[in-house]
1. What's the total number of residues in region 143-156 that are over 22 Å from the mean Cα position of the chain (by Cα) and either among the charged types (D, E, K, R) or surrounded by 20 or more Cβ atoms within 10 Å (Cβ to Cβ) (or both)?
2. Name the pairs whose Cβ atoms lie under 9 Å apart, with the first residue in region 150-162 and over 17 Å from Asn175 (Cβ atoms), the second near the ligand (Cβ under 6 Å from one of its atoms) and of a type in the set (D, E, K, R), and 6 or more positions between them or separate chains?
3. Of all residues in region 159-194, count the ones that are part of a helix (DSSP H, G or I) and either within 16 Å of the ligand (Cβ to nearest atom) or not hydroxyl-bearing (Ser, Thr, Tyr) (or both).
4. Sort out which residues of region 75-92 are more than 16 Å from the ligand (Cβ to nearest atom) and buried (at least 21 other Cβ atoms within 10 Å of the Cβ), and write them in order of number.
5. Checking Asn214 against (1) surrounded by 15 or more Cβ atoms within 10 Å (Cβ to Cβ); (2) touching a strand residue (DSSP E or B) at 6+ places or on another chain (Cβ under 8 Å); (3) farther than 22 Å from Ser312 by Cα: exactly one of these is not met. Which one?
6. What's the number of the only condition in (1) in contact with a His (Cβ under 8 Å, 6 or more places away or on another chain); (2) under 30 Å from Asp233 (Cα atoms) that Asp271 fails to meet?
7. Residue pairs, Cβ under 8 Å, 6 or more apart or interchain, first in region 98-119 and of a type in the set (Ser, Thr, Tyr), second at pLDDT below 90 and outside any helix (DSSP H, G or I). List them.
8. Can you tell which of Ser312, Ser265, Ser299, Ser253 is buried (at least 20 other Cβ atoms within 10 Å of the Cβ) and small (Gly, Ala, Ser)?
Amino acid sequence: MKNMPNTFKKDVIVGLSAKEKYLSSKYFYDDEGSRIFKEIMEMAEYYLSDCEYEILATQADKIFESLAFDQPFNIIELGAGDGAKTFKLLEFLLSKGVNFDYIPIDISQEAMNMLSQQLQKNLPSLKIKPAVGDYFEVLGQLKKTNKHQSLLLFLGGNIGNYPKEEAFRLMDLFNQSMKAGDKLLMGIDLQKNPQVIYQAYSDPHGITKRFNLNLLKRMNRELGANFNLNEFDFYCYYNPRNGELLSYLVSLSDQEVRLANTDFSFHFAKDELIWTEQSKKYSFKEIDMLAKHSGFEVSHRFMDSKRYFTDSLFVK
Ligand code: AVI
């Protein structure tokens, strides 16, 4: 997701001035970051994508049944990306002659144009109504103007990147943007053998490291910073007691980094950390708590054959 450069600069200054330095993982996704994330999704170690693909490809019929919607209805996808995950679900519904509109929402016009072109080519009978803008502005508008029932899709395990309070806030916002009877299908990564989780992030190919270092590159590109990428390493660890996989950049030397055209410079001690991301793995109990806290109930849990990942249906 692209953000305004000023907000980016402000957030960088706040995060790097903190006693324990941090940067928000939402800034990973500039064009280069999005390309690297695609490489991550293709790695064998990054099981999340395969698991969710399996769920949507093999259980589309059960997912559709669980909705019990009148037709026509809407499928509204938040952060659709290249639509690869959703494709199987859409294809199944069209093959059964189900009457629905597909409304992908993304902040990037370019992403929406590419997705629309792809889908028009591969699923010509799909009624696609892409919306560009902030999720909640678009959802608010749809709630006011569209009388049909809606299924919201928030896939990929993205909820795991929101620290607890932010996850609660996001779920509250989803709830407020939904009409009574609307449903939310959310992809959530589950707690499992810690080795499996650890290997998905501390990958042997160095792609996740490159993904994190791109954040420094982005600051160099967009904010005129002078990070030396060779002077930073990547570190992550998984705590199986709380399900948190935390990612960091590590300064390899005592160094100073400047931001061009500002009075700001930041000192990094050797071995000092910048926290870049949380990828929380949930237990079923925590998923139920998340639902209850924001006025939802989990009505169905769809799982892959390894039981690593769930697409869970939240009912308002
Ligand atoms: C987008 N999100 C769910 C990914 C995750 O697994 O937390 C981002 C990611 N970070 C490192 N690898 C993938």
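The values are calculated or read from the model by the stated rules, or taken from the named source; none is laboratory data. On a predicted model such as this, the values are computed, not experimentally measured, just so you know. Neighbour counts are summed over all protein chains in view; Cβ atoms, including those assigned to glycine, are modelled from backbone coordinates with ideal geometry. Surface areas here come from the heavy atoms of the whole protein model, side chains and all, with no ligands, DNA or RNA. Shrake-Rupley method; radii C 1.70, N 1.55, O 1.52, S 1.80 Å.
1. 4
2. Between residues of region 150-162 that are over 17 Å from Asn175 (Cβ atoms) and residues that are near the ligand (Cβ under 6 Å from one of its atoms) and of a type in the set (D, E, K, R), the close pairs are Asn161/Glu277.
3. Adding up the residues that qualify gives 17.
4. Ile75, Ile76, Leu89, Leu90
5. Going through (1) surrounded by 15 or more Cβ atoms within 10 Å (Cβ to Cβ); (2) touching a strand residue (DSSP E or B) at 6+ places or on another chain (Cβ under 8 Å); (3) farther than 22 Å from Ser312 by Cα one by one, Asn214 breaks only (2).
6. All conditions are met except number (1).
7. Pairs that qualify, where the first residue is of a type in the set (Ser, Thr, Tyr) and the partner is at pLDDT below 90 and outside any helix (DSSP H, G or I), are Ser108/Met1; Ser108/Lys2; Ser108/Val132.
8. Checking each option against the conditions leaves just Ser312.
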